[in-house]
Amino acid sequence: MRICEGGLDDGRVLDLLRLHLAGMHENSPPENVFALDLSGLGAEDVAFFTVWRGDTLLGMGALRELDAATGEIKSMRTHPAHLGKGVANRLLDHLLGLARARGYRRVSLETGHGPAFEPALSLYRRNGFTEGPPFAGYRPNVFSRFFHLDL
């Protein structure tokens, strides 16, 4: 597996992003979906990465800088054909390594909950994230969960 900066002009990446956003909308109303779209992933404060095996896109994810000490993990998604192959683990390790290299003291994330999100919730918990209060202007709601990891 290789991880590289995401190409937002690659059709395979755009297809996975569309799939990601559609999945979020299936589980939460639009006003409660905080996944980054194409313009969000291209923002200056966002580092966007894709995971590949050869020419096959396996997954994607991003790290957004909230301030000099805090990052937010955004829009992690493994392609459905590659679930259970360690893609999300590898990408999360990469994003946390980048957060440490930037000197962040904390990384947070917002995600959904329920059966569709159990693999992601398990991944975050296994990596030391704990559920906590909303952050960065998010508001509590029945569709979201907020996790934090002190680095």
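The values are calculated or read from the model by the stated rules, or taken from the named source; none is laboratory data. Note that the structure is a prediction, hence the values are computed from the model and not measured. We place every Cβ from the backbone using ideal geometry, glycine too, and count neighbours over all the protein chains shown.
Given the criteria touching a residue at least 12 places away in the same chain (Cβ under 8 Å) and touching a Lys or Arg at 6+ places or on another chain (Cβ under 9 Å), does residue 90 qualify? No, not satisfied.
Restrict the check to the stretch 123-130 and report whether at least one residue is free of Cβ contacts under 8 Å to residues at least 40 places away in the same chain, of a type in the set (Ser, Thr, Tyr) and surrounded by fewer than 18 Cβ atoms within 10 Å (Cβ to Cβ). Checked against the condition, which is being free of Cβ contacts under 8 Å to residues at least 40 places away in the same chain, of a type in the set (Ser, Thr, Tyr) and surrounded by fewer than 18 Cβ atoms within 10 Å (Cβ to Cβ), the stretch 123-130 yields at least one hit.
Count of the stretch 77-107 residues, restricted to those that are crowded, with 21+ Cβ neighbours inside 10 Å and polar (S, T, N, Q), is 1. Among the residues making up the stretch 40-62, those that are part of a strand (DSSP E or B), free of Cβ contacts under 8 Å to residues at least 40 places away in the same chain and under 19 Å from residue 102 (Cα atoms) are 46, 61. Sub-7 Å Cβ pairs linking a first residue in the stretch 94-110 that is closer than 13 Å to residue 76 by Cβ and at pLDDT 95 or above to a second residue that is part of a helix (DSSP H, G or I) and aliphatic (A, V, I, L, M), at least 6 apart or interchain, are 107/96; 107/99, ordered by first then second residue.
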